[in-house]
Amino acid sequence: MTLASFGAGRTMLTAVGVQPRQYQVLVDLFGALGERKELLGNLGMDRHAMNITSLGLLIPGGLFALFAFREGSLAAFNMITLALSSLVLLMLLVLEASNSFLNPAEVAVLAHRPITGATYFAAKLTYLVLVVLRATAPLNGPAALAGLVKPEARWFYPFTHLAAACAAGLFLALMACAVLGLLFRILPASRVRSAALWVQVVASMLPLAFNLARRPLQTLADAMAPRAIGVDWSFVPLTWFNAIALTGQGGGQMSWGWPAAIGMIVSAVFIGIGVRSLSAGYMTRIVGVMRSSGRRSRRSQRGSPIGRIVRTMSGRPSGQAAFGFMSRMMRRDWQFRRGIIPVALPLLAIGPLMLRTGVEVAPFGAGRFSVIGLLPVALSLVTLGLCQMLAYSDHYRGAWVFVITPKIGVRGFVRGVYWSLWLPFLALPFGVVMLVFSAYWGVADAALFAGYGLAVASLMFGLQLLIVETLPFTSAPRAERSAAIASFIMFGPVAAVIAWGVQGQFIFRSRLTTALAALVFAWAAKVTAEYSLRLLEIKAHHSLAAPSEFV
């Protein structure tokens, strides 16, 4: 049931330039294709993926609900939970909106039909709204119930809290569409996708930026507190939804002044211009966006030194072929880039911070917790993101080319995949660390730390290869990865800090303990990598034997 099912809804759709009949047909078509798994990678059109996502979002939702048991007013609790849940939802919506509007698999067929851009946009937006509603319940449901412990809360507070959260989610969805629309208007077709990826990067770096700037922000807040007492903050959108949640609750209501009206007008104008830019002529322009590839690299992989090293270490020419294939696909494939860039760049961004703060003293010794100790865990999180995204691609039907590859060629290709990731993402960073820190710690300590870190990261990489389902870029994308990426960004740093604390407490207490641990981890990494590669080779042969994957 959609807006086109009601007379008033049809009138409203017609008023904004949407043809109700076409809109209903498109909504039904997208729903049918999603149920038949023919539109992969779109969370709103995949009921199974959305169910998994909703269950996963219960974890951060439960954590946000714990703020209810801290001291503070209901307004402060509601503001905190709305801000945190909106941050998670923003990362999810940016990923989903960019994939839905900038990578529509069905547009090659529908572009030849007499469908207006506004109608197509409305049908796509319907499923984006479904994502908002389905994600809002697990993210805010626990907090809405926990808020009843506050003395100011009345029995209907869960309903007002969820209403405010849904309104905030719809606002974020429209803002995401508006930003994409402005990219359509400002940039040439060949740059729209790349710019959208950078928007995802900015959204994914917000949690890291907040954590790194927490102390300066606290200092700034303390300095500005006396001046901010009499300021009307109602122009901030978050205060609008906080006012909705506090409707009818005790403790007083938030005032709405002229700054709120100005903020709403500015937001409405921005959303109107952005949505209009996205929907007007969408069916024509998106074809140009999907066909454009930006600048094409003319460099030959044949002369790459890493490629020659990969061939030597894999023992087969197909190993070097794996490096050339992966290096090109990583740069060109939309699904891989939109999945890995928001994950990897925030983690790699803290590398210079580690180098700057860790040069003073070696991390070995009781009671020392150097930031540089986070490097093995941070690189392991990068390789985890790579392994999560490696198998999926928009061009998965091209996997038939591997069917004609001899069995021994597949074996060399699989080992080439391992070395193609291990060398640039693990060996090279620790080699740089050893060279840089030798001048500060001495060669022995720098080599010990680099060896230990490489052993730990290699062990984790070997284990992470177990989640790779088949050869790189030969499987259809899955929609539930959007929620996995958002959860990964939010809670990956927490896991890294825990591992860093355990490492500093038990392993870095002495150099002898670190050396013994490095040897054990190196042996375990070798055994794990051999097993994972054998298993990946078996998975590859099984997937290549299934012709349904390529049709």
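Before moving on, here are some points about what is shown:
- Working from Cα pairs under 8 Å separated by at least six residues, relative contact order for the range 3-204 is 27 percent.
- J(HN,Hα) series, the range 326-337, from Karplus relation 6.51 cos²θ - 1.76 cosθ + 1.60, nearest Hz, glycine and proline x: 5, 5, 6, 5, 4, 7, 10, 6, 5, 4, 5, 5
- A simple packing score, the average count of other Cβ atoms within 10 Å per residue, orders the peptides 432-443, 237-248, 89-100 as 89-100, 237-248, 432-443, with the highest score first.
- Fully extending the segment from ALA444 to VAL266, taken as 0.36 nm per residue of separation minus the present Cα-Cα distance, adds 58.1 nm.
- Along the range 510-522 the Karplus relation, 6.51 cos²θ - 1.76 cosθ + 1.60 evaluated at θ = phi - 60°, assigns HN-Hα couplings of 8, 6, 5, 4, 5, 5, 5, 4, 5, 5, 5, 5, 5 Hz to successive residues, with x for each Gly and Pro.
- Derived scalar couplings ³J(HN,Hα) [the range 185-192; Karplus, 6.51 cos²θ - 1.76 cosθ + 1.60; whole Hz; x for Gly, Pro]: 6, 8, 9, x, 4, 6, 10, 5
- Think of each Lys and Arg Cβ as +1 and each Asp and Glu Cβ as -1; about the Cα centre, that makes the dipole of the range 3-204 roughly 280 debye.
- Inter-part distance, the range 393-471 to the range 119-190, computed on C-alpha centroids, equals 39 Å.
- Protection proxy ranking of 21-29, 374-382 - average other beta-carbon atoms within 10 Å, highest first: 374-382, 21-29
- Taking packing as the residue-averaged number of other Cβ atoms within 10 angstrom, the listed peptides 403-416, 118-131, 514-527 run from highest to lowest as 118-131, 403-416, 514-527.
Read-outs throughout are calculated quantities, based only on the coordinates presented, and are distinct from any laboratory measurement. As the structure is a computational prediction, the values presented were derived from the model and not from experiment. Here Cβ is always computed from backbone atoms with ideal geometry, including for glycine, and neighbour counts include all displayed protein chains.
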